[in-house]
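The values are calculated or read from the model by the stated rules, or taken from the named source; none is laboratory data. The model shown is predicted, which means the values in this text are computed figures rather than measured ones. Cβ coordinates were reconstructed from backbone atoms using ideal geometry, including for glycine residues, and neighbour counts include every protein chain displayed. Quick note on the areas: whole protein, heavy atoms, side chains included, nothing else; ligands and nucleic acids left out. Shrake-Rupley method; radii C 1.70, N 1.55, O 1.52, S 1.80 Å.
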Amino acid sequence: MFKITNTDKAPAAIGPYSQAIAVNGFLFASGQIPIDPAVGDVVATTIVDQTEQVMKNIGAILEANGLTYTDVVKTTCFLADMGDFATFNEVYGKYFTNKPARSCVAVKTLPKNVLCEVEILAVTK
């Protein structure tokens, strides 16, 4: 049995997927891009602002499941430009203070041509 996350504090799925699914003590969240859920589109233009929005979206999904960033055990990060790695890390590090395991790769293109996307795996309480 699993629980599907559906919160209006994070962007709605832009395809046939769920924001997150909790099952067997884990929360699997779909990749979050910097869509501002208040307007339903990408507003931020810099890597700093886009990363901040991604982290807010992740926070909303965690909150909807009674979790925090410290419950995250693994992240997968996608960057449109590895030249943004250091700046991305500065913002990322403010949220993931527990330093979960992580993969970070550069990709050719992300949805809506954003600069970053992050997916998480968390342990549920």
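Some observations on this one:
- Net charge, P34 excluded, C-beta distance under 12 Å - Lys, Arg +1, Asp, Glu -1: -3
- Isolated Cys residues of the chain, judged by Cβ distance under 4.7 Å to other cysteines: C116
- Pairs beyond 22 Å (Cα-Cα), from K3/K125; K3/K112; K9/K94; K99/K125; K74/K125: K3/K112
- Classified by the C-alpha gyration tensor, the stretch 4-62 has a prolate form. Its axis ratio a/c, with a ≥ b ≥ c, is 1.5 or above, and a/b is larger than b/c.
- The listed residues M55, M82, M1 rank as M1, M82, M55 when sorted by accessible area, largest first, using a 1.4 Å probe.
- The chain - percent of accessible surface contributed by carbon and sulfur, probe 1.4 Å: 56 percent
- Summing Lys and Arg as +1 and Asp and Glu as -1 over all other residues whose Cβ lies under 14 Å from the Cβ of V72 gives a net charge of +2.
- Residue-count net charge about N89 - beta-carbon cut-off 14 Å; Lys, Arg +1, Asp, Glu -1: -1
- With the convex hull of its Cα atoms as the shape, the stretch 63-125 has an orientation-averaged projected area of 4.6 nm².
- Acute angle (nearest 10 degrees) that the helix 85-95 long axis makes with the longest principal axis of the chain, alpha-carbon atoms: 30 degrees
- All-pairs Cα distance distribution in the chain, expressed in whole percent, bin size 10 Å: 14, 49, 33, 4, 0
- With all protein chains kept in place, the per residue accessible area of the chain amounts to 52 square angstrom at a probe of 1.4 angstrom.
- DSSP-defined beta bridges in the chain - what % are antiparallel, rounded to 5: 80 percent
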